[in-house]
Amino acid sequence: MKIYIAYTGGTIGMVPSDQGLIPDAAFADHLTQHLNESDELAHDFVIASYPTLIDSSNATPKDWQTIARDIESKWHDFDAFIVLHGTDTMAYTSAALSFMFAHSDKPIIVTGSQVPMYKVRTDAMINAMGAISACEELNCEKNSSGVFLFFAGRLIEGDRAHKAHTSDWQAFSSPNCPERGVLGIDWRWRSTDVVKQPMTIQIPEMDEGAVTILPVFPGLRVAHWQGLLSENVKGAVLLSYGAGNAPDKDPDLLALLKAATDCGVVIVNVSQCGAGSVAAGAYAAGSALVKSGVISGKDMTYEAAFVKLSFLIGLGLSSEEIRAGFLENEF
């Protein structure tokens, strides 16, 4: 099997400097040496380090495009792809790749580490080797391929991952969907009855200022959101309480949402709870959002909702088409 590994940046390949940890320009060579030392890996690896490495806390939708176009350019030359990435925005990137390579017929695995590879106590090679193992298994007929995030033994659907811990080895969770696989001594797989669909690759141009996040918190006032809903914004993720609730006693706040949706801004309601789904209209406080034109993000993570909006807006779809796509769970 031919596997392409792209080091895009992140903790996994960092080394100490006078300014703190920085990306190691020679990381690809170090990883190649590690992989070549194993007699068990009978694969052809090509490991590339991006010329401009991405600190994931500085990642933008343009970086998702860069990674996707890199994979697309090598699509016919490799059987599987691994993206080494920083953990801060890894869930956003894995979601973006899952939309751009919809129903992928080859494994695309995003991973990284909590501790740099140069340290003695590191999870770098555990995660890298786990990603390679996932590629091996997903390439078999018994397991369908796709885009996934692998971390600490958990293989999570690309658009279902959420960064849940800053310092635990298990940094990512899949709050509303069982993991596709769990790696212990052997793999344990979740059975899937999904009808295989034809793969599509779409890598749209995405405006970095097109989508924003609207937080809900006690004492929220219209002024808090006015600056976020600027004239350039075309989509927003509303982080609501509980099952989709927000203050419904402030007419100015609701009027701001209604004015934005009337102007074509697609506002998607996602719960700020760790797990569960938005039940639009179940409470009066949630019904007010529905009347203002806010649509339900159901059980999506906020990362996936943000990326999906960016992706659909980038495709040039109308606000009506994007709303329909969310409501019918298309795209």
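The values are calculated or read from the model by the stated rules, or taken from the named source; none is laboratory data. No experiment lies behind these values; they were computed from the predicted model shown. Using ideal geometry, Cβ is built from the backbone for each residue, glycine included, and neighbour counts are taken over all protein chains shown. Calculation scope for accessible area: heavy atoms of the full protein, side chains included, ligands and nucleic acids excluded. Shrake-Rupley method; radii C 1.70, N 1.55, O 1.52, S 1.80 Å.
Using only Cα atoms, locate the centre of the stretch 32-52 and the centre of the stretch 190-229, then give the distance between them in Å, rounded to an integer.
So the two Cα centres are separated by 34 Å.
Based on the mean of other beta carbon atoms within 10 Å per residue, what is the order of 175-183, 261-269, most packed first?
261-269, 175-183
What's the Kirkwood radius of the stretch 193-331 in Å, using all Cα pairs?
Every distinct Cα pair counted, the radius reaches 15.3 Å.
Treating the angle as unsigned and between 0 and 90°, give the value, to the nearest 10°, between the Cα long axis of helix 251-262 and the longest Cα principal axis of the chain.
60 degrees
Protein chains only, probe 1.4 Å: how do Tyr241, Tyr118, Tyr50 rank by accessible area, largest first?
In descending accessible area the options line up as Tyr118, Tyr241, Tyr50.
What dipole magnitude, in Debye to the nearest 20, does the chain give about its Cα centre under +1 on Lys/Arg Cβ and -1 on Asp/Glu Cβ?
Taking the Cα centre of the chain as origin, the dipole is about 860 debye.
Accessible area per residue, 1.4 Å probe, Å², for the stretch 123-229: what's the number?
The answer is 51 Å² per residue.
Write down the percent of antiparallel bridges among all DSSP beta bridges whose residues are both part of the chain, to the nearest 5.
Of those bridges, close to 35 percent are antiparallel.
Could you order peptides 89-101, 53-65 by the average number of other Cβ atoms within 10 Å of their residues, highest first?
By packing density, highest mean first, the sequence is 89-101, 53-65.
Tell me the Kirkwood radius of the stretch 80-140: reciprocal of the mean inverse pair distance over distinct alpha-carbon atoms, in Å.
The Cα-based Kirkwood calculation yields 12.3 Å.
When the Debye formula is applied to the Cα atoms of the stretch 10-49, each taken as the same point scatterer, what base-10 log of I(q)/I(0) results at q = 0.16, 0.32 Å⁻¹?
The Cα Debye sum returns log10 ratios of -0.48, -1.08.
Tally Lys/Arg at +1 and Asp/Glu at -1 over every other residue whose Cβ is under 9 Å from the Cβ of Lys2; what's the total?
Net of charged neighbours comes to -3.
Calculate one ³J(HN,Hα) per residue across the stretch 308-314 by plugging θ = phi - 60° into the Karplus curve 6.51 cos²θ - 1.76 cosθ + 1.60, and present them in order as whole Hz with x for glycine and proline.
4, 4, 4, 5, 5, 5, x
Using a 1.4 Å probe over the heavy atoms of the protein chains, calculate the carbon and sulfur portion of the accessible area of the stretch 232-296 as a whole percent.
C and S atoms contribute 58 percent here.
In whole percent, and with a 1.4 Å probe on the protein chains, what portion of the accessible area of the stretch 34-129 is carbon and sulfur?
Carbon with sulfur: 48 percent of the solvent-accessible area.
Could you state the number of Å between the C-alpha centres of the stretch 66-110 and the stretch 251-268?
A separation of 34 Å, based on Cα centres.
What spacing in nm lies between the two simple spin-label points modelled at Leu21 and His76, each 7 Å away from Cα in the Cβ direction?
Computed distance between label sites Leu21 and His76 equals 4.0 nm.
For the stretch 5-129, give me the percentage of DSSP beta bridges that are antiparallel, rounded to the nearest 5 percent.
Taking every DSSP beta bridge with both residues in the stretch 5-129, the antiparallel ones total about 15 percent.
Give me Rg/Rg_expected for the chain, where Rg uses Cα atoms only and Rg_expected = 2.2 N^0.38 Å with N residues.
So the Cα radius of gyration is 1.03 times the expected 2.2 N^0.38 Å.
If R₀ is 45 angstrom, what is the calculated FRET efficiency for the pair Trp189 and Cys263, using the beta carbon separation as r and rounding to 0.05?
After rounding, the FRET efficiency stands at 0.45.
I need the phi-derived Karplus couplings for the stretch 300-307: 6.51 cos²θ - 1.76 cosθ + 1.60, θ = phi - 60°, integer Hz, Gly and Pro marked x.
Each residue's phi maps through the Karplus curve to give 5, 6, 5, 4, 5, 5, 4, 5 Hz.
Kindly identify the stretch 1-130 as rounded, prolate or oblate by the Cα gyration tensor criterion: order the square roots of the eigenvalues as a ≥ b ≥ c, call it rounded if a/c is under 1.5, otherwise compare a/b with b/c, prolate if a/b is larger, else oblate.
Note, shape of the stretch 1-130 comes out oblate.
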